[in-house]
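Q: What follows is a structure written as structure tokens; I'll ask about it next.
The values are calculated or read from the model by the stated rules, or taken from the named source; none is laboratory data. What you are looking at is a predicted structure, and each value in this text was computed from that prediction instead of being measured. Cβ: placed from backbone, ideal geometry, glycine included. Neighbour counts: every protein chain shown. Note: areas computed on protein heavy atoms with side chains; ligands, DNA, RNA excluded. Shrake-Rupley method; radii C 1.70, N 1.55, O 1.52, S 1.80 Å.
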Amino acid sequence: MDEILSLDHITFTYSPDEPNVKNAVEDVSFTVHEGEWIAIVGHNGSGKSTIARLMNGLLFPQQGTIKVMNEPLTEENLWEIRSQMGMVFQNPDNQFVGATVQDDVAFALENNGIPYKEMVKRVHEALQQVKMDQLLNHEPQHLSGGQKQRVAIAGALALKPRLLILDEATSMLDPQGRAEVLATVQALREETGLTVLSITHDLEEAILADRMLFMNGGEKFAEGTPSEIFALGDQLLDLGLDLPFAMKLTKLLKQDGVELQGEHMTEEELVNDLWTSNFKK
Amino acid sequence: MDIQLQKVSYAYAKGTPFEKRALFDVELAIPSGSYQAIIGHTGSGKSTILQHLNALLKPTEGALQIGDRTITAGKKAKDLKPVRQKVGIVFQFPEHQLFEETVLKDIIFGPMNFGVSEQEATKRAHKLIELVGLPHTILEKSPFDLSGGQMRRVAIAGVLAMEPEVIVLDEPTAGLDPRGRKEIMDLFLQLHKERNLTTILVTHSMEDAARYADRIAIMHEGKCVLTGSPEEIFGNAEKLATYRLEAPRIVRFQRELEAKIGRRLQTLCLTEEELARAITAAVREERAGQ
């Protein structure tokens, strides 16, 4: 698998002249391969957002190398590399620039000097991918939060990025909006094999990823599949995170002496285990 | 302090071609000392109601009773200061409202505006900074040097410094990590109990509404369509679905399990602990029956 992004021993501080201030990111290394979905989790202030800014060159590390498509990120190739990475931010109202849905998606394409015919084609394709092609001329104020975030995703997709970064993109949405956005990302991955990196507090969202990075105090505390990370159990709670609902309930049930075959991350697994271990005659 | 909305309607830009009705004949009684959650889909009118609660917006029809004050549509309401002192609103992302040079100055700004002496306001600030879980040394720092979670706590202390009787929370945990979320919600519950506050929580989180509130109101298309206890509200999945809402994860799980085992658990559970107990009881019954 092709390497899309790699961070190699990255250290960064916001105040390089003050040696007593703790580094915001301390010796962090990880690699993202093509087609993967990586979730970065961690408490507020753990360095997640700093990493996002380092990845697309809004900040540069004091130590270490960041490579995008095997090429070291420098101030010279920054703009070209940014065009390979689509980013969707937290607040749906802060990233809508167009007067209509299709204008918004076309914005970045116009900035990049894409010819008109090609632009129209790409706008339609991108909006089809997020299932917003019925609302081409809708104005942003008539869209729900989930719809706005889907338009933001389409805006990123229109540039045909190699990597889609979601920086807490679902955290301000209502449950329905959140479900819409996650379903969109899942469908995109199935259809196009898009590489996704999501920074999130929502552990139910992190479960969907192939791999998780768990940040604590600027350092990478652990890396692994969701089941490996959630197996850390109480350590997660100590470091400001939580366990997914099914795991919390599994733990409580075991304490009460209910028989269960294993740890469960999803509700479906837990219901089935409860049924086969305790109720099926 | 009792709050009562009597057939409240509100239209933005009333009397212009851009007039847009946001509330329709909303009836809602919030008794003193209750913990009331207001839930609803985006655009259901939750935020418009919230702004009525301390008269930032005034009804275009109907009347609103806040304690002993009545605000009636079409009548001039004078001197709303006491209302605004008694009803403290913690807006979404309250840290965006910090503006002073130091945390202390920021916290005392509100109470001093309502005529509290600097000395008394400073005393309150010292007490509150501890209450929201921050060290006293932070009072001398610039609010802009703090982390997001700390800023949120400072902003909350600033609202509490006015010693409101009613506290209105608009998505108070948006953007916080799971621990921060639980700490803030537990803090509000503690305040609610200790100070005998009336607490109004406007939220997208069915989980928080189920766990913390004792009464829930559902807003839908500008109308208050359903009120009741969390059990009453979340026990009826079909009805919730018509308002484009979903029961909390816990309730959905309980229903799935009940469908699978072919019978109901004893009660509708609203916390993980309750649900674990109810499932354990069902498992014991099953064993005894075999």
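Q: Quick one: Karplus J couplings for region B:193-209, per residue in order, coefficients 6.51, -1.76, 1.60, θ = phi - 60°, nearest Hz, x for Gly and Pro?
A: 6, 5, 9, 6, 7, 9, 10, 10, 10, 9, 8, 8, 8, 5, 4, 5, 4
Q: Give a residue-ordered list of calculated ³J(HN,Hα) values for region B:179-185 (Karplus: 6.51 cos²θ - 1.76 cosθ + 1.60, θ = phi - 60°; whole Hz; x for Gly, Pro).
A: Once rounded to whole Hz, the list reads 5, x, 4, 5, 4, 5, 5.
Q: Using the C-alpha gyration tensor of region B:248-290, what are the square roots of 5 times its eigenvalues, in whole angstrom, with the largest one first?
A: Those come to 18, 12, 7 Å.
Q: Set the Förster distance to 22 Å, then compute FRET efficiency between B:Glu286 and B:Arg252 from the Cβ-Cβ distance, nearest 0.05.
A: On the way: r = 22 Å, r/R0 = 1.00.
For R0 = 22 Å, the calculated efficiency reads 0.50.
Q: Let me ask you something else. What whole-number value in Å² describes the accessible area per residue of the protein assembly as shown for a 1.4 Å probe?
A: With all protein chains present, the protein assembly as shown gives 45 Å² per residue.
Q: Note down the nm distance, to one decimal, between modelled labels 7 Å out along Cα→Cβ at B:Ala77 and at B:Gln266.
A: Reported label-point gap for B:Ala77 and B:Gln266 is 4.7 nm.
Q: Sticking with this structure for a sec: Any chance you could look up the accessible area of B:His126 with a 1.4 Å probe, heavy atoms only, rounded to 10 Å²?
A: Its accessible surface works out to 80 Å², give or take rounding.
Q: How large is ³J(HN,Hα) for each residue in region A:217-230, as worked out from phi by the Karplus curve 6.51 cos²θ - 1.76 cosθ + 1.60 (θ = phi - 60°), to whole Hz, x for Gly and Pro?
A: x, x, 10, 7, 7, 7, 9, x, 5, x, 5, 5, 5, 6
Q: By accessible area of protein heavy atoms, probe 1.4 Å, what ranking do A:Arg82, B:Arg179 get, highest first?
A: Ranked from most to least accessible, the order is B:Arg179, A:Arg82.
Q: Let me know the Kirkwood hydrodynamic radius for region B:1-95, please, with Cα pairs as the basis and the value in Å to one decimal.
A: After inverting the mean inverse Cα-Cα distance, the result is 14.0 Å.
Q: Further question: Evaluate the distance, in nm, between pseudo-label points positioned 7 Å from the Cα of A:Lys67 and of A:Leu237 along their respective Cα→Cβ axes.
A: Rounded to a tenth, the inter-label distance reads 4.2 nm.
Q: For region B:3-247, with all protein chains present and a 1.4 Å probe, just round the carbon and sulfur fraction of the accessible area to a whole percent.
A: Of all accessible area on region B:3-247, carbon and sulfur atoms account for 50 percent.
Q: Post the alpha-carbon centroid distance, region A:78-119 to region A:179-208, in whole angstrom.
A: 20
Q: Compute the distance from the alpha-carbon center of region B:178-250 to that of region A:213-281, in whole Å.
A: 26
Q: Students often forget the sequence filter, so: which lysines lie under 22 Å Cα-Cα from B:Lys81 once same-chain residues fewer than 8 apart are removed?
A: Excluding near neighbours in sequence, the set is B:Lys58, B:Lys105.
Q: Separate question: Filter the cross-link list B:Lys7/B:Lys76; A:Lys48/B:Lys46; A:Lys160/A:Lys220; A:Lys67/A:Lys220 down to pairs whose alpha-carbon distance in this structure exceeds 22 Å.
A: Pairs exceeding 22 Å: A:Lys48/B:Lys46; A:Lys160/A:Lys220.
Q: Using protein heavy atoms only (no ligands, DNA or RNA), what is the total accessible area buried between B and A, 1.4 Å probe, nearest 100 Å²?
A: 3200
Q: Same structure, new question: Hey, what's the Cα Rg ratio for chain B versus the globular rule of thumb, 2.2 N^0.38 Å?
A: Output field value: 1.12.
Q: Viscosity 0.890 mPa s, temperature 25 °C: Stokes-Einstein D of chain A from its Kirkwood Cα radius, in µm² per second? Write out the running numbers ahead of the final one.
A: Numbers: Rh = 20.3 Å.
For the chosen part, D equals 121 µm²/s.
Q: Each label point is 7 Å from the Cα along the Cα-to-Cβ direction; what then is the distance between the points at A:Phe60 and B:Arg244, in nm?
A: 4.7
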